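The values are calculated or read from the model by the stated rules, or taken from the named source; none is laboratory data. Note that this is a predicted model, so its numbers are computed, not measured. We place every Cβ from the backbone using ideal geometry, glycine too, and count neighbours over all the protein chains shown. Each accessible area value is taken on the protein alone, full model and side chains, heavy atoms only, with ligands, DNA and RNA left out. Shrake-Rupley method; radii C 1.70, N 1.55, O 1.52, S 1.80 Å.
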Amino acid sequence: MKGSKVHEHETDVPASELWAIYGTLLPAKLLPELLPHVLAKVELISGDGGVGTILKLIFPPGIPGLQSYKEKFIKVDNENYIKEAEVIEGDILKLGFLYYMVRFEIISKGPNSSVIRSTIEYEVDDAHQELEAMVSMAALAATAEKFSEHAKENKAPHATS
């Protein structure tokens with residue numbers, strides 16, 4: 001069974017300033033600082049933030065069945081502000097997901113506003129349909145909010161193409 005879930009966060013931050021966060025490795029540093037209850041640590045396994053980069057995401061204690069997983073960047077589009085990361089190893093797959101991919105799109109709505117669209121695409125086998133209920137947008141919604149606040153507070157440098 002395949003499925004997807006989407007969350008959109010509208011913000012008064014220019015798309016280029018949000019991409020200066022989302023389009024880099026900065027989330028690996030910011031997430032444990034800004035949302036420690038969501039992500040305890042992110043380790044760079046290999047890569048420089050481009051396609052092929054592999055990260056290990058380590059979760060705080062207390063999330064049943066979820067300690068860590070590795071994801072690989074399969075798309076980093078610096079012109080259209082799209083990043084996709086696919087889970088390649090770890091607890092999400094051990095739980096029974098056949099496929100789990102997160103996509104971030106930063107959509108410009110004008111010179112000083114944009115939308116952060118976060119999408120999770122997944123596939124579970126028929127024997128694990130209950131896993132669909134585990135696919136939550138709450139962490140990605142909180143991330144969008146925190147990254148928007150961070151961009152406003154820190155006026156992130158503009159991304160270069």
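Evaluation of Gly110 against the conditions (1) open to solvent by less than 30 Å² (accessible area, probe 1.4 Å); (2) over 17 Å from Lys70 (Cα atoms); (3) touching a residue at least 24 places away in the same chain (Cβ under 8 Å) shows that the sole unmet condition is (3).
Is there a residue in segment 60-75 that is in contact with a Lys or Arg (Cβ under 7 Å, 6 or more places away or on another chain) and among the aromatic types (Phe, Trp, Tyr)? Checked against the condition, which is being in contact with a Lys or Arg (Cβ under 7 Å, 6 or more places away or on another chain) and among the aromatic types (Phe, Trp, Tyr), segment 60-75 yields at least one hit.
Would you point out the residue of segment 103-148, among those that are among the charged types (D, E, K, R) and closer than 23 Å to Val76 by Cα, that is nearest to the chain's Cα centre (by Cα)?
Of segment 103-148, the ones among the charged types (D, E, K, R) are 103, 105, 109, 117, 121, 123, 125-126, 130, 132, 145-146.
When the remaining residues are screened for being closer than 23 Å to Val76 by Cα, the result is 103, 105, 109, 117, 121, 123, 145-146.
Details: Arg103: 7, Glu105: 10, Lys109: 21, Arg117: 10, Glu121: 12, Glu123: 18, Glu145: 13, Lys146: 12 Å.
Taking the candidates together, the pick is Arg103.
Looking at Glu33, Glu43, Glu71, Glu79, which one is touching a Leu at 6+ places or on another chain (Cβ under 6 Å) and among the charged types (D, E, K, R)? Reasoning before the result, please.
Numbers: Glu33 fails: touching a Leu at 6+ places or on another chain (Cβ under 6 Å); Glu43 fails: touching a Leu at 6+ places or on another chain (Cβ under 6 Å); Glu79 fails: touching a Leu at 6+ places or on another chain (Cβ under 6 Å).
Checking each option against the conditions leaves just Glu71.
Among residues belonging to segment 79-102 that are more than 25 Å from Asp126 (Cβ to Cβ) and buried (at least 18 other Cβ atoms within 10 Å of the Cβ), point out the one that is farthest from the chain's Cα centre (by Cα). Result: Tyr81. Pairs linking a residue in segment 132-152 that is assigned to a loop (DSSP other than H, G, I, E, B) to a residue that is exposed (fewer than 13 other Cβ atoms within 10 Å of the Cβ), with Cβ atoms under 8 Å and 6 or more positions apart or on different chains, do not occur. Out of the residues in segment 41-68 that are of a type in the set (A, V, I, L, M) and modelled with pLDDT under 95, state the one that is farthest from Ile88 (Cα to Cα). Filtering first and then ranking leaves Ile63.
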